[in-house]
Amino acid sequence: KIVVLDGYTENPGDLSWESLEALGTLTVYDRTPGDKVIERIADAQAVYTNKTPITGETIEKCANMKFIGVLATGYNVIDIKAARSANVVVSNIPSYGTDAVAQYAVALLLELCHHIGEHSDCVKAGEWSRSRDWCFWKHPLVELAGKTFGVIGFGRIGQRTAKIAEALGMKIVAYDERPVKELEGENFRYVSLDELLSMSDVISLHCPLFPSTEGIINKDTIAKMKDGVKIINTSRGPLIVEQDLRQALDSGKVSGAAVDVVSEEPIREDNPLLGAKNSIITPHIAWAPRESRQRLMNIAVSNLKAFMEG
Ligand code: NAD
């Protein structure tokens, strides 16, 4: 028995779960609220989740469960320790969205540098001249060539994002817990976190959410950044202490921030970033082009097949 807890099925005509049906009796829920998880998966052997947390208590109570497939790269929604001790195999899908997320991170950066949406809205509202004036003072355009792009977490997505930033003429530096020295070259080197903070014009977050990375962007690390730095987060919301970022946006220390992820999703009404100037917030969609979702689906199925084949 296979259960998909949050298959986002409400969009008719989108990808189908047919390929999983061949592997067992399949039930796909669009979304599952926290208090319904145990009831829905109690007799399932294989469970898929995208964002629905599977806690230690759930793992303990669902003794039939042998396999959890995380339909995502980051597996912070699973209590891994509890899964390991209950002998439940957990698989994630590390590389399905590398291109999509890297492309999105750069799109966010370009939007911060150009305010294309706002200029276009102005023109459509009949304000051609005002929009042109604004590009000199209210929404100034920024050229990226020659500036420094700092990557925190130089893994798959961080490296791909850096490649695109490099093509825009940027110099690349990265901080990573496990540097791969062979990657260094003329336009790229690893630096310490403090060095990265002090030399980057743009800081892009690509490390996973671990206790060691939670709140890595906070008032102390922001104080070490260049005045007018821009911050991009396509990784996980809790990497940023949002109240501290809000203050830095208000003061102008951070000239722009664009995030695809926030501390609590869906976003709370009192999230401090909602009212911040010079900020862009999108609803955790960097991963979602059809091409990458199809890849995700294929890998999800082959992971379960591999598990069933031992
Ligand atoms: P990856 O494992 O290839 O890279 C992560 C890198 O972070 C590794 O090089 C690792 O050494 C480094 N790292 C780990 N701990 C660190 C620490 N304490 N300090 C500095 N660096 C550290 O992962 P990836 O495929 O590049 O994905 C990165 C993250 O992107 C995922 O964890 C996930 O949270 C996020 N993501 C977001 C979306 C989205 O839709 N917004 C989609 C996919 C992935």
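Brief remarks follow.
- Members of the stretch 282-310 that are of a type in the set (F, W, Y) and in a loop (DSSP other than H, G, I, E, B): W287
- Within the stretch 125-150, considering residues that are free of Cβ contacts under 8 Å to residues at least 12 places away in the same chain and among the basic types (K, R), the one nearest to the ligand (Cβ to nearest atom): K138
- Considering L112, L108, the condition of being within 14 Å of the ligand (Cβ to nearest atom), in contact with a strand residue (DSSP E or B) (Cβ under 7 Å, 6 or more places away or on another chain) and within 19 Å of S200 (Cα to Cα) is satisfied by L108 alone.
- Sole exception among (1) outside any helix (DSSP H, G or I); (2) away from the ligand (no atom under 16 Å from the Cβ); (3) within 24 Å of R293 (Cα to Cα); (4) touching a strand residue (DSSP E or B) at 6+ places or on another chain (Cβ under 8 Å) for R31, by number: (4)
- For C122: the one exception among (1) touching a helix residue (DSSP H, G or I) at 6+ places or on another chain (Cβ under 8 Å); (2) within 16 Å of the ligand (Cβ to nearest atom); (3) more than 30 Å from P53 (Cβ to Cβ): (2)
- Any chance S85 is exposed (fewer than 14 other Cβ atoms within 10 Å of the Cβ), away from the ligand (no atom under 16 Å from the Cβ) and modelled with pLDDT under 90: no
- The stretch 234-260 residues that are over 18 Å from D270 (Cβ atoms) and free of Cβ contacts under 8 Å to residues at least 60 places away in the same chain, paired with ones that are part of a helix (DSSP H, G or I) and not acidic (D, E) (beta carbon under 7 Å, 6 or more apart): A248/I222; K253/I222; V254/I222; V254/L245; V254/A248
- In this entry, I172 is excluded by the filter for residues that are modelled with pLDDT of 95 or more, within 24 Å of A107 (Cβ to Cβ), more than 15 Å from the ligand (Cβ to nearest atom) and touching a Lys or Arg at 6+ places or on another chain (Cβ under 9 Å).
- Within the stretch 259-310, tally of residues that are within 15 Å of I232 (Cβ to Cβ) and hydroxyl-bearing (S, T, Y): 2
Here is a yes/no grid of residues against (1) touching a Ser or Thr at 6+ places or on another chain (Cβ under 7 Å); (2) within 10 Å of the ligand (Cβ to nearest atom); (3) at pLDDT below 95:
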| position | (1), (2), (3) |
| --- | --- |
| E214 | no, yes, no |
| N218 | no, no, no |
| V229 | yes, no, no |
| L245 | no, no, no |
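- Near pairs, Cβ below 9 angstrom, 6+ apart or cross-chain, from the stretch 74-86 (of a type in the set (K, R)) to any residue that is modelled with pLDDT of 95 or more and away from the ligand (no atom under 16 Å from the Cβ): K81/G56
- Scan of the stretch 174-220 for residues that are surrounded by fewer than 18 Cβ atoms within 10 Å (Cβ to Cβ) and in a helix (DSSP H, G or I), ordered by number: K181, E182, L183, L193, D194, E195, S198, M199, K219, D220
- Exactly one residue out of A223, A300, A306 is among the small types (G, A, S) and surrounded by 14 or more Cβ atoms within 10 Å (Cβ to Cβ), and it is A300.
- Checking V261 against (1) closer than 26 Å to M199 by Cβ; (2) over 17 Å from the mean Cα position of the chain (by Cα), the condition it does not meet: (2)
- Taken as a whole, the stretch 115-134 holds no residue that is outside any helix (DSSP H, G or I) and within 24 Å of S198 (Cβ to Cβ).
The values are calculated or read from the model by the stated rules, or taken from the named source; none is laboratory data. What you see is a predicted model, and the numbers here were worked out from it, not measured in a lab. FYI the Cβ positions are ideal-geometry reconstructions off the backbone, even for glycines, and counts take in every protein chain you see.
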